Amino acid sequence: MLNLLLSDVPGDDPSDIASGPTVADSTTCTDALSILRRYAIEVPSRALALLASGEGETLKANDARLPGIETRFIATPQMALEAAAAVAREAGLEPYILGDAIEGEARDVAKTLAGIALQVARRRQPVCPPCVLLSGGETTVTVRGRGRGGRNVEFLLSLGIALNGEPAIHALAGDTDGIDGQEEIAGALLAPDSLARAWAQGLRPRERLDDNDGHGFFEALGDSVVTGPTRTNVNDFRAILISADNGRTVSASRSN
């Protein structure tokens with residue numbers, strides 16, 4: 001038997017991908033029962049009986065059938081980042097992969113990556129521009145507003161506010177399946193003048209972020225990225241481009 005895996009799981013643990021029935025699973029029926037009791041979750045009596053009997057146990061690492069099963073990854077977040085890095089090198093940019101399993105609140109991850117990008121642009125540390133910072137993984141959004149959401153556009157909007165019109169820094173973020181949140185929009189582009197263009201249209205970046213309306217924000221700017229269904233999914237993709245030209249040309253201090 002040959003398993004061909006396409007990973008949409010940070011860390012690429014085979015047992016977490018599609019609940020693979022032909023991959024060893026370290027969890028047990030007893031674990032499942034403990035969780036049901038801890039959180040007082042009601043399930044059908046037949047499901048409880050199956051768990052209690054142990055007959056629903058999954059394949060374990062010591063199963064004699066495992067040596068006859070080969071597992072290969074055909075697409076992963078790391079592969080996507082390495083492919084992007086190759087494209088960057090062809091364009092004369094030095095790529096730096098920050099990680100393929102970055103998780104956390106999208107707006108908080110954005111602040112962290114903004115700090116790294118600003119250090120590169122202003123201090124030429126820990127690397128020198130021109131370069132592109134690549135990262136993958138899967139962030140989350142705690143929905144507080146009524147906007148059109150999307151974790152990648154939320155990341156970009158928060159990134160834009162943190163960068164505050166910093167020249168020479170552009171960014172792209174999108175979901176590799178072509179759908180960010182509930183929208184058939186993969187993600188968006190961010191430029192040094194994005195906030196200034198938003199203000200010119202009467203858009204208030206921080207208010208849009210508070211309303212979880214990243215899609216509405218970037219769509220109004222004409223900066224949405226629409227790929228259509230890609231028929232694959234290797235988590236989110238983020239690229240922050242820092243060019244060698246760092247002369248200040250844009251001011252968007254009203255973003256705060």
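Out of curiosity, is Ser45 outside the structural domain of Val234 (by TED's automatic domain parsing), among the polar types (S, T, N, Q) and farther than 28 Å from Asp100 by Cα?
Details: outside the structural domain of Val234 (by TED's automatic domain parsing): yes; among the polar types (S, T, N, Q): yes; farther than 28 Å from Asp100 by Cα: yes.
Taking the combined requirement at face value, the residue satisfies it.
Yes or no: Asn164 touching a strand residue (DSSP E or B) at 6+ places or on another chain (Cβ under 6 Å), at pLDDT 95 or above and in the same structural domain as Arg208 (by TED's automatic domain parsing)?
Working: touching a strand residue (DSSP E or B) at 6+ places or on another chain (Cβ under 6 Å): no; at pLDDT 95 or above: yes; in the same structural domain as Arg208 (by TED's automatic domain parsing): yes.
No.
Do any residues in the stretch 195-218 that are hydrophobic (A, V, I, L, M, F, W, C) have Cβ atoms under 8 Å from those of residues that are at pLDDT below 95 and assigned to a helix (DSSP H, G or I), where the two are at least six apart or on different chains, and which pairs are they?
Every condition considered, the pairs that remain are Leu195/Arg254; Leu195/Ser255; Trp199/Arg254; Trp199/Ser255.
Can you name every residue in the stretch 95-110 that is in a helix (DSSP H, G or I) and surrounded by fewer than 15 Cβ atoms within 10 Å (Cβ to Cβ)? Write out each step before concluding.
Here is the first cut: in the stretch 95-110, the ones in a helix (DSSP H, G or I) are 106-110.
Matches in the stretch 95-110: Asp108 only.
Evaluate the stretch 143-160: report whether one residue or more is β-branched (Val, Ile, Thr) and modelled with pLDDT under 95. Walk me through it before giving the result.
Looking only at the stretch 143-160, we keep the residues that are β-branched (Val, Ile, Thr), and these are 143, 153.
Then keep just the ones that are modelled with pLDDT under 95; that gives 143.
Checked the stretch 143-160: at least one residue is β-branched (Val, Ile, Thr) and modelled with pLDDT under 95.
Under the condition of being among the hydrophobic types (A, V, I, L, M, F, W, C) and buried (at least 21 other Cβ atoms within 10 Å of the Cβ), which residue from the stretch 194-215 is farthest from Leu159 (Cα to Cα)? So that I can check it myself, show each step before the final result.
Keep residues of the stretch 194-215 that are among the hydrophobic types (A, V, I, L, M, F, W, C), which gives 195-196, 198-200, 203, 209.
Now drop any that are not buried (at least 21 other Cβ atoms within 10 Å of the Cβ), which leaves 195, 198, 209.
On the way: Leu195: 11, Ala198: 14, Leu209: 11 Å.
That would be Ala198.
Does the stretch 177-222 hold any residues that are under 20 Å from the mean Cα position of the chain (by Cα) and aromatic (Phe, Trp, Tyr), and which are they?
The answer is Phe217, Phe218.
Anything in the stretch 39-61 that is among the hydrophobic types (A, V, I, L, M, F, W, C), closer than 18 Å to Pro21 by Cβ and either part of a loop (DSSP other than H, G, I, E, B) or touching a residue at least 60 places away in the same chain (Cβ under 8 Å) (or both)? List them, or say none.
Hits for the stretch 39-61 are Leu59, Ala61.
Exactly one condition in (1) exposed (fewer than 13 other Cβ atoms within 10 Å of the Cβ); (2) within 17 Å of Asn233 (Cα to Cα) is not met by Ala49; state its number.
(2)
Test Pro14 against the stated conditions and say whether it is of a type outside the set (Lys, Arg) and more than 27 Å from Gly68 (Cβ to Cβ).
Details: of a type outside the set (Lys, Arg): yes; more than 27 Å from Gly68 (Cβ to Cβ): no.
For Pro14, the condition - of a type outside the set (Lys, Arg) and more than 27 Å from Gly68 (Cβ to Cβ) - is not met.
For the stretch 124-234, list the helices (runs of 4 or more DSSP H) that sit wholly inside it and hold at least 3 residues that are out of contact with any His (no Cβ under 8 Å at 6 or more places or on another chain) and not charged (D, E, K, R); which are they?
151-163, 194-200, 214-221
Taking the stretch 212-231, which residues are out of contact with any Gly (no Cβ under 9 Å at 6 or more places or on another chain) and either of a type in the set (Gly, Ala, Ser) or over 23 Å from Pro129 (Cβ atoms) (or both)? Before the answer, list the steps.
Quick first cut of the stretch 212-231, residues out of contact with any Gly (no Cβ under 9 Å at 6 or more places or on another chain) only: 219-223.
Those that are out of contact with any Gly (no Cβ under 9 Å at 6 or more places or on another chain) and either of a type in the set (Gly, Ala, Ser) or over 23 Å from Pro129 (Cβ atoms) (or both): Glu219, Ala220, Leu221, Gly222.
All but one of (1) surrounded by 14 or more Cβ atoms within 10 Å (Cβ to Cβ); (2) in contact (Cβ under 8 Å) with a residue 24 or more places away in the chain hold for Met1, so report the exception by its number.
For Met1, the exception is condition (1).
Would you check which residues across the stretch 62-94 are closer than 19 Å to Asp12 by Cα and assigned to a strand (DSSP E or B) and list them? Please lay out each step first, then the result.
Initial filter on the stretch 62-94 (closer than 19 Å to Asp12 by Cα): 66, 69-84.
Glu70, Thr71, Arg72, Phe73, Ile74, Ala75, listed by residue number.
Tell me whether the stretch 86-94 contains one or more residues that are at pLDDT below 95, charged (D, E, K, R) and surrounded by 12 or more Cβ atoms within 10 Å (Cβ to Cβ).
no
What number goes with the only condition from (1) at positive phi; (2) assigned to a helix (DSSP H, G or I); (3) of a type in the set (Ser, Thr, Tyr) that Ser19 does not pass?
(2)
The values are calculated or read from the model by the stated rules, or taken from the named source; none is laboratory data. None of these values were measured; they are calculated from a predicted model. Neighbour counts are summed over all protein chains in view; Cβ atoms, including those assigned to glycine, are modelled from backbone coordinates with ideal geometry.
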